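Just below is one structure, and these are the notes that go with it.
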Amino acid sequence: MLKVEKLLKYYRKTLAVDEISFTVNDGEIVGLVGPNGAGKTTILRCIIGIVQMTDGRVEVDGLDLATNEEAVKKLLAFVPEVPTPYEMLTVYEHLRFIAMAYQTMSDFDKRADELLRRFDLDDKRSDFVLSLSKGMKQKLAIACAFVHDARVILLDEPLIGIDPKGVRELKNMILDVKDRKGSVLISTHMLDTAEHLCDRIIIIQKGKITAEGTIDELHQRAQMGRNASLEDVFLTLVEENETIETTTLS
Ligand SMILES: Nc1ncnc2c1ncn2[C@@H]1O[C@H](COP(=O)(O)OP(=O)(O)OP(=O)(O)O)[C@@H](O)[C@H]1O
Ligand SMILES: [Mg+2]
């Protein structure tokens, strides 16, 4: 289980995340949606520990990130918005390097073979990462996140640029994490996917949570019928909040 409490992040004077609290339970897939610049990537980066939060607390399976950094990081996996792989390694070496970092080498060969096959990278296993296409690099980043059995998987816009088969594989792998009672937090602008994949949606605007709930609960909040898409609901709620904010400020 992932627990985030009063997460606050300033980049110098820019308030990116404003005391956000939420949890992702065991076996739950939560979608983080919101306009550009809302703070989604910052939240994920603070949880994984690559950006230092200004204040707040992150807990994984009862362990505090601040006091158990190494143990917590071993429980997490992260697919970044823009992958920055080690380009001078081969695809296979890259996967191996990540597995070594997580000290999960026991069934590495079998696992690597399966990941490379699922993401159509098996014929590229001996090629330098440098030579991969953009989508292939994205698939490698996803494969790296699944090379160990993380308790919590964080994905930042993972569906952009990958082909339909890759999208299908990734969705199945996310559902497998749910089945083994892991927690998944996924930021996405692809609302149709979020609607079908996520158990719960958190809407972020200007660093704050402005709505949260199951798809049905969000429909009720937006006072829209069940036929409305998540996109309709999202746009209604986001606009509503922007109107409230403008009215309050004026
Ligand atoms: N490294 C940085 N230095 C300074 N400001 C930053 C940095 N990264 C993000 N920000 C600012 O923090 C805020 C939140 O950005 P963030 O990247 O978290 O948004 P996002 O919700 O992921 O947006 P998008 O949907 O475009 O990916 C924005 O105002 C952004 O300009
Ligand atoms: Mg982002």
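The values are calculated or read from the model by the stated rules, or taken from the named source; none is laboratory data. This is a predicted model, so every value here is computed, not measured. Positions of Cβ are generated from backbone atoms using ideal geometry, with glycine treated the same way; all protein chains shown enter the neighbour counts.
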What tally of residues in the stretch 83-118 results from selecting those that are part of a loop (DSSP other than H, G, I, E, B), of a type outside the set (V, I, T) and closer than 19 Å to P158 by Cα? 3
Specify which of the listed residues (I186, I202) is within 16 Å of ligand 2 (Cβ to nearest atom), over 18 Å from F78 (Cα atoms) and not charged (D, E, K, R). I202
For S229, all conditions in the list (1) over 30 Å from V58 (Cα atoms); (2) among the polar types (S, T, N, Q); (3) crowded, with 17+ Cβ neighbours inside 10 Å hold save one; what is the number of the exception? (3)
Restricted to the stretch 6-40 and to residues being among the basic types (K, R) and away from ligand 2 (no atom under 15 Å from the Cβ), the residue surrounded by the most Cβ atoms within 10 Å (Cβ to Cβ) is K6
Residue that is nearest to ligand 1 (Cβ to nearest atom) [pool: residues in the stretch 40-72 that are on the phi > 0 side of the Ramachandran plot and either at pLDDT below 95 or not in a strand (DSSP E or B) (or both)]: G49
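I need a count of the residues in the stretch 155-207 that are within 16 Å of ligand 1 (Cβ to nearest atom) and either aliphatic (A, V, I, L, M) or over 17 Å from V238 (Cβ atoms) (or both).
Let us first name the residues in the stretch 155-207 that are within 16 Å of ligand 1 (Cβ to nearest atom), namely 155-161, 185-191, 193-194, 201-207.
Within this subset, residues satisfying the condition of being either aliphatic (A, V, I, L, M) or over 17 Å from V238 (Cβ atoms) (or both) are 155-161, 185-186, 190-191, 193-194, 201-204.
Counting residues in the stretch 155-207 that are within 16 Å of ligand 1 (Cβ to nearest atom) and either aliphatic (A, V, I, L, M) or over 17 Å from V238 (Cβ atoms) (or both) gives 17.
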